[in-house]
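Asker: One structure follows; several queries about it will come next.
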Protein chains: 2
Amino acid sequence: MAFRDQFPVLDRLAYLNAGTDGPIPRAAIETARAELDAQGAEGRLYAHFARRFELADQLRAGYARLMNAAPEDVAITSGTSAGLGAVLAGLDIGPGDEIVTSDAEHPGLIGPLLAARERGATVKAVPFAELANAVTASTTLVAASHVSWITGELAPAELAEVPVPVILDGAQGAGAVPVDVKALGCVAYAAAGQKWLCGADGTGMLYLDPEFGERVKTIFPTYFSFEDTGLGLEGRFKASASRFDLPLPREAVALSAGALEVLEAEGLDAILTRAADLTDVFAAKLAEAGYTVAPRARTTLVSFEVEDPEAKREQLLERGVAVRNLPGTPYLRASVGAWNDESDLDCLLEAL
Amino acid sequence: MAFRDQFPVLDRLAYLNAGTDGPIPRAAIETARAELDAQGAEGRLYAHFARRFELADQLRAGYARLMNAAPEDVAITSGTSAGLGAVLAGLDIGPGDEIVTSDAEHPGLIGPLLAARERGATVKAVPFAELANAVTASTTLVAASHVSWITGELAPAELAEVPVPVILDGAQGAGAVPVDVKALGCVAYAAAGQKWLCGADGTGMLYLDPEFGERVKTIFPTYFSFEDTGLGLEGRFKASASRFDLPLPREAVALSAGALEVLEAEGLDAILTRAADLTDVFAAKLAEAGYTVAPRARTTLVSFEVEDPEAKREQLLERGVAVRNLPGTPYLRASVGAWNDESDLDCLLEAL
């Protein structure tokens, strides 16, 4: 079956919304249904827990491949903000800290930053392109997007060289552009399963550099955080990143693992290249048609100016085109994946 | 349809394991499947988010009824430990604190207690029955089970009168015994959706007393924590307990809401009474058959001594009876719900 045909929503819509939530492959829905049905029919006993651990490790391995990380450095979380929250809350942050971030971050990072500020840290927000330049001798941490959710710009490559730990919000990175946590030089990379990886809401990943990880306390532990759950108050948390694993529903993990399988069967590198090429075409044609396209990089987001973006977004949906508006900006944002093709672009241009 | 017949697993097993994970009603599985299918076919756009909020508020209202709390004092979480973790991590806890707990707590509470101890607090573990007596002038907090997961005992009623805040782990309480957060005198009550309420893994509830809640910082915020997500670093978290809402998958919330509907259609009070009566019969018959039953109260758990509980548990499952063993104790634990009847007890006694 052609890749595109594996995503039922594409029969119905020019679906350009993976930056919020990706299209779900039919096979992943079917996998999740089977896992649901099994829980109803067989109950949830020891085999159920074994299956949950198996699926979590399968997903962990896939996310690790995606980020060029070792599986033991990857936690299975409920999403980008959960990973960012676990790291920022687990650090010994206080009045001595200055965190450099950008002035265009997503609430998923803003939340943990507000919490850090409440503990006394200074949060210095600068333009996205200035992130690396803004690091001074007072800076103790950088926390910012890998790919801007507003414009599709990439964080400055110079961030890999700054002399302080860098925590990246990879919500628009993982599954959208190549991610190599070593090359990015980050100590933590948090991302989502439901966006560019077409998985379930409430799934995600956290890469944590093992050396830096020693500084991150497990302040929000769950059953899955323990080395051995039988030791009571003598218990200890795992040393690996999986101490930050969250207790996700079996069917959600299965859905995300199933979706990743569909993407990997097509070839992740191939997908990323096709999506980036197609997004470049989208951006060029929108500019050609007279739209002002936001400054962007070779990513899978194209934001362009329209009058009254919210009303326009609703109109477009009525015409079978799914994009999003970005409140507080003049932009509509189209999210382009390898599941899209030029017909979706034609629909968008026509509907505009 | 008879109540029991709504739970497919009961056709196959004497299912006595709701203390871990409840049996799931057929209708709840079907609801979850429909929500999954809709996400695949329709994509996940604004209507999807509206549906998620609607389902979360439906579940919140149900959990609020169950705990005799106002919906604005209830957060929708991923389970008991998430709620306990949010409260304990959000409190300004340090070397001046003494937390009284019992020596028989579940990892879901042990985890947050270990994290509190790492921040300098003293954790004083006493026998479960001594919880109220152990509170002294040095005590700043009590954190313990409402119903013991080991024995089925109830926390001392005197806890309602102690002069320090009481945080209850309601994993074996909510849906098993009557829960009235006002009468319990607790400032926080955290419980699970997947156990006695027959819902999805990864769902749960947190009641937070609004006055006490002012002391609990939002250190692990998500998109759903914000009053208004459009304000960037000027943003603020909600004042209501829903600032602790976690971003759960739509199908999981639908499953838990659907399961609660099935229970409420039967009548929650009636269910609790029937389950308690039936558990009393279980306990009496086990004692009559010569088994040593752990000290218990009028709850839905019966723990009884066997030789090699783990091997016995496996044998029982081969004979169609699902119970659990409790590592580090001599017990097998039977969890009895209103979906069970005396035939399940007969199966258990026969299989033993």
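Asker: Within region A:71-83, take every residue that is open to solvent by less than 10 Å² (accessible area, probe 1.4 Å) and more than 15 Å from A:A115 (Cβ to Cβ) and give me the one that is nearest to the other protein chains (Cβ to nearest Cβ).
Answerer: Filtering region A:71-83 for residues that are open to solvent by less than 10 Å² (accessible area, probe 1.4 Å) and more than 15 Å from A:A115 (Cβ to Cβ), the one nearest to the other protein chains (Cβ to nearest Cβ) comes out as A:G79.
Conditions (1) in contact with a helix residue (DSSP H, G or I) (Cβ under 7 Å, 6 or more places away or on another chain); (2) open to solvent by less than 10 Å² (accessible area, probe 1.4 Å); (3) away from chain B (no Cβ under 12 Å), marked per residue:
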site: A:L16; (1), (2), (3): yes, yes, no
site: A:I24; (1), (2), (3): yes, yes, no
site: A:G43; (1), (2), (3): yes, yes, no
site: A:Q58; (1), (2), (3): yes, no, yes
site: A:A64; (1), (2), (3): yes, yes, yes
site: A:N68; (1), (2), (3): yes, no, yes
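Asker: Just checking, which of B:L113, B:L168, B:L109, B:L154 is more than 22 Å from A:F226 (Cα to Cα) and assigned by TED's automatic domain parsing to the domain that holds B:G204?
Answerer: The unique qualifying residue is B:L154.
Asker: Are any residues in region A:79-130 closer than 11 Å to B:G232 by Cβ, out of contact with any Gly (no Cβ under 8 Å at 6 or more places or on another chain) and not hydrophobic (A, V, I, L, M, F, W, C), and if so, which ones?
Answerer: Across region A:79-130, the qualifying residues are A:T101, A:S102, A:H106.
Asker: For A:P71, which of the numbered conditions (1) in contact with a Lys or Arg (Cβ under 7 Å, 6 or more places away or on another chain); (2) closer than 30 Å to A:R333 by Cβ fails to hold?
Answerer: So A:P71 meets the others, but not (2).
Asker: Among the residues of region B:116-128, write down those that are open to solvent by 10 Å² or more (accessible area, probe 1.4 Å) and either in contact with an Asp or Glu (Cβ under 7 Å, 6 or more places away or on another chain) or modelled with pLDDT of 95 or more (or both).
Answerer: Listed by number, the residues that qualify are B:R117, B:G120, B:T122, B:V123, B:K124, B:A125, B:V126, B:P127, B:F128.
Asker: Further question on the same structure: List the helices (runs of 4 or more DSSP H) inside region B:265-352, counting only whole elements, that have at least 2 residues being within 23 Å of B:V179 (Cβ to Cβ).
Answerer: Helices (runs of 4 or more DSSP H) meeting the threshold: B:268-288.
Asker: Quick check on B:A191: is it at pLDDT 95 or above, closer than 26 Å to B:N17 by Cβ and within 15 Å of the chain's Cα centre (by Cα)?
Answerer: yes
Asker: Here is a further query. Within region A:84-95, does at least one residue satisfy the condition of being within 22 Å of B:L36 (Cα to Cα) and either at the interface with chain B (Cβ under 7 Å from one of its Cβ atoms) or open to solvent by less than 10 Å² (accessible area, probe 1.4 Å) (or both)?
Answerer: no
Asker: Within the bounds of region A:336-344, is there any residue that is outside the structural domain of A:H146 (by TED's automatic domain parsing), of a type outside the set (V, I, T) and free of Cβ contacts under 8 Å to residues at least 60 places away in the same chain?
Answerer: No, the conditions are met nowhere in region A:336-344.
Asker: If you don't mind, there's one more thing I want to ask. For region B:231-246, enumerate the residues that are within 9 Å of chain A (Cβ to nearest Cβ) and either in contact (Cβ under 8 Å) with a residue 12 or more places away in the chain or buried (at least 24 other Cβ atoms within 10 Å of the Cβ) (or both).
Answerer: Selection gives B:F237, B:L246.
Asker: A:R12 is checked against (1) under 23 Å from the mean Cα position of the chain (by Cα); (2) in the same structural domain as A:P327 (by TED's automatic domain parsing) and fails just one. What number does that condition carry?
Answerer: (1)
Asker: Taking only region B:310-333 into account, find how many residues are closer than 19 Å to A:G232 by Cα and not charged (D, E, K, R).
Answerer: Final tally of qualifying residues: 8.
Asker: Within region B:45-56, take every residue that is in contact (Cβ under 8 Å) with a residue 12 or more places away in the chain and open to solvent by 20 Å² or more (accessible area, probe 1.4 Å) and give me the one that is nearest to the other protein chains (Cβ to nearest Cβ).
Answerer: Among residues in region B:45-56 that are in contact (Cβ under 8 Å) with a residue 12 or more places away in the chain and open to solvent by 20 Å² or more (accessible area, probe 1.4 Å), the one nearest to the other protein chains (Cβ to nearest Cβ) is B:R52.
Asker: In region A:247-281, what count of residues is obtained for those that are at the interface with chain B (Cβ under 9 Å from one of its Cβ atoms) and either over 17 Å from the mean Cα position of the chain (by Cα) or open to solvent by 20 Å² or more (accessible area, probe 1.4 Å) (or both)?
Answerer: Count: 4.
Asker: For region B:329-344, state whether one or more residues are more than 15 Å from B:D280 (Cα to Cα), hydrophobic (A, V, I, L, M, F, W, C) and open to solvent by 10 Å² or more (accessible area, probe 1.4 Å).
Answerer: No.
Asker: Within region B:285-309, which residues are surrounded by 14 or more Cβ atoms within 10 Å (Cβ to Cβ) and among the acidic types (D, E)?
Answerer: Answer for region B:285-309, where residues must be surrounded by 14 or more Cβ atoms within 10 Å (Cβ to Cβ) and among the acidic types (D, E): just B:E305.
The values are calculated or read from the model by the stated rules, or taken from the named source; none is laboratory data. None of these values were measured; they are calculated from a predicted model. Heads up, the Cβs are rebuilt from the backbone with ideal geometry, glycines too, and the neighbour counts pull from every protein chain shown. Remember, those area values only see protein heavy atoms, side chains included, never the ligands or the DNA or RNA. Shrake-Rupley method; radii C 1.70, N 1.55, O 1.52, S 1.80 Å.
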